[in-house]
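Here is the structure we will look at, set down as structure tokens.
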Amino acid sequence: MGVARDFQATNSDELDVLEGDIVVVLERFSDGWILANNEGVEGVIPFVVCAPLFAVVVADFAASGDDELSLSAGSRVHVFEYFDDGWALVRPLCDSDAAERAGMIPQDFLDDSVADALVAAQ
């Protein structure tokens, strides 16, 4: 997930993050906090400081499981989480394939280097 605004830790289990950082969500808690990893450092942050990232699918991907999402090359997606196992949770933007649901796709099928251009196009 992307960090939408700065958060400064006030307890030893919290993590300092800055707007623009990209964190890996390791665990979600019912109280609105998440355990996150930011460049190898782990700690908790409030979920409200996070926002989805944007990416483009670089090659066709055919889902093989119920939690996966079939997408065509060129589809634009919101990336909600990058997982340590090489997968990402995404939801297509409204003008893309299957926009009504989120699903998993391998991270190798995503190019998030175009994020600024995608945001400007919204």
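The values are calculated or read from the model by the stated rules, or taken from the named source; none is laboratory data. Nothing here was measured: the structure is a model prediction, and the numbers come from that model. Glycine gets a Cβ as well: all are built from the backbone with ideal geometry, and neighbour counts include every protein chain shown. All accessible areas refer to the heavy atoms of the entire protein, side chains included, with ligands and DNA or RNA removed. Shrake-Rupley method; radii C 1.70, N 1.55, O 1.52, S 1.80 Å.
A few remarks follow.
- Residues whose amide H falls under 5 Å from that of TRP33, counting only those 5 or more places apart or on a different chain, are PHE47, with hydrogens built in the peptide plane.
- Taking θ as phi - 60° and the Karplus parameters 6.51, -1.76 and 1.60, the scalar couplings of segment 23-38 work out to 10, 9, 7, 9, 7, 10, 10, 5, 8, x, 10, 10, 8, 10, 10, 10 Hz in sequence order, x denoting glycine and proline.
- Mean separation of Cα contacts under 8 Å, 6 or more apart, over the residue count of segment 4-61: relative contact order %: 29
- If you sort ILE105, ILE22 by accessible surface, 1.4 Å probe, largest first, the order is ILE22, ILE105.
- Accessible area per residue for the chain, computed on protein heavy atoms with a 1.4 Å probe, is 55 Å².
- Kirkwood-based Rg to Rh ratio, the chain, C-alpha trace: 0.99
- For segment 1-79, the fraction of 1.4 Å probe accessible surface lying on carbon and sulfur atoms is 49 percent.
- The H on the amide N of PHE54, modeled in the peptide plane, is under 5 Å from the matching H of VAL79, each at least 5 residues off or on a different chain.
- The chain - percent relative contact order, Cα under 8 Å, separation 6 or more: 20
- For segment 4-47, size of Cβ-based charge dipole, Lys and Arg +1, Asp and Glu -1, in debye: 140
- Annotation: amide H-H contacts under 5 Å for SER70 (H modelled 1.01 Å from N, sequence separation of 5 or more, or interchain): ALA63.
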